[in-house]
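Chemist: Handing you this structure, nothing more for now.
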Amino acid sequence: MASSKILESKKAIVSEITDKIKTSESVVLFEYQGLTVAEVSELRRKLREAQGEVKVYKNTLLKRALDELNIDLNGFLEGPNAIMFGRELLEPIKVIADFAKNHDKMQMRVGIINGDVAELSVINEYASIPSYEGLLTMLAAGMMEHVRNLAIGLNMYAENLEN
């Protein structure tokens, strides 16, 4: 039988995982086997810039935390997994999806977005959404087109009045 210190440390880890999942808008479970230490460090650095972090937990402890939250990821909790916690929704997902595209050994498996299980296709859809700045640029360009068309129309009307 395990000692009480070990049990307490495991309970603390499980509560840490549940707290991180509850406070994260995006969570992605991915397979990292085959990545070098330098590549994992690079991923952690990029995620830190995007309000995210990567942790590696034992699958049994992760399963206990997910059971407490009534989230079923049993088919994905096999083999070496890492988990990404993102305080924001889009940016951490974009970082991890981009990193997975450039590193064949890393495979995203499943995610949790705002407390709901998200398949890989949903995660990839979120990753394809332009950034906030990109969306603002698209909005401004769309608005400028209407202003430009109005200016051309008023100019043509003014020329017709002169003639």
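The values are calculated or read from the model by the stated rules, or taken from the named source; none is laboratory data. Note that the coordinates shown come from a computational prediction; the quantities given were computed from them, not determined experimentally. As a convention, Cβ positions derive from the backbone with ideal geometry for all residues, glycine included, and neighbour counts pool all protein chains shown. We work out accessible area using only protein heavy atoms, side chains counted, and drop any ligands, DNA or RNA first. Shrake-Rupley method; radii C 1.70, N 1.55, O 1.52, S 1.80 Å.
Chemist: Within region 71-163, list the GluC sites (Glu not before Pro) lying in a DSSP loop whose Cβ has at most 15 other Cβ atoms in a 10 Å radius.
Modeler: Listed in order of number, the matching sites are Glu78, Glu88, Glu119.
Chemist: When the accessible area of the chain is split by element with a 1.4 Å probe, what percent falls to carbon and sulfur?
Modeler: Heavy-atom surface of the chain belonging to carbon and sulfur, 1.4 Å probe: 55 percent.
Chemist: Taking a label point 7 Å from the Cα of Glu49 along the Cα→Cβ vector, which residues of region 88-115 have an amide N closer than 19 Å to it?
Modeler: 88-103
Chemist: Which stretch or stretches of region 90-134 have amide N atoms under 17 Å from the point lying 7 Å from Asp19's Cα along the Cα→Cβ direction?
Modeler: Correct set: none at all.
Chemist: Cβ under 10 Å from Gly115's Cβ, Gly115 left aside: what net charge do those residues give with Lys, Arg +1 and Asp, Glu -1?
Modeler: Spelling it out: positives minus negatives among the neighbours equals -1.
Chemist: Follow-up question, since we're still on this one. Mind computing the radius of gyration and Dmax over the alpha-carbon atoms of region 68-163? Å is fine for both.
Modeler: In order Rg, Dmax, the Cα atoms of region 68-163 give 23.1, 79 Å.
Chemist: If you take the beta carbon distance between Ala38 and Gln107 as r and set R0 to 25 Å, what does 1/(1 + (r/R0)^6) give as a FRET efficiency, to the nearest 0.05?
Modeler: Approximately 0.85, to the nearest 0.05.
Chemist: Same structure, new question: What nm distance separates the two modelled labels at Ala141 and Ser4, each placed 7 Å from Cα along Cα→Cβ?
Modeler: My value for the distance between the label points is 6.5 nm.
Chemist: For the chain, what is the calculated [θ] at 222 nm in deg cm²/dmol (nearest 500), taking -39500 (n - 2.57) for each run of four or more DSSP H residues and dividing by its residue count?
Modeler: Here the helix-only value at 222 nm equals -19500 deg cm²/dmol.
Chemist: Net charge within 12 Å of Ala38 by Cβ-Cβ distance, Lys/Arg positive one each and Asp/Glu negative one each, not counting Ala38 itself?
Modeler: Taking every other residue near Ala38 into account, the sum is 0.
Chemist: Kindly provide the pair-distance distribution of region 1-128 built from C-alpha pairs, with 10 Å bins from 0 and whole-percent values in order of increasing distance.
Modeler: Reading the bins upward from 0: 13, 46, 33, 7, 1.
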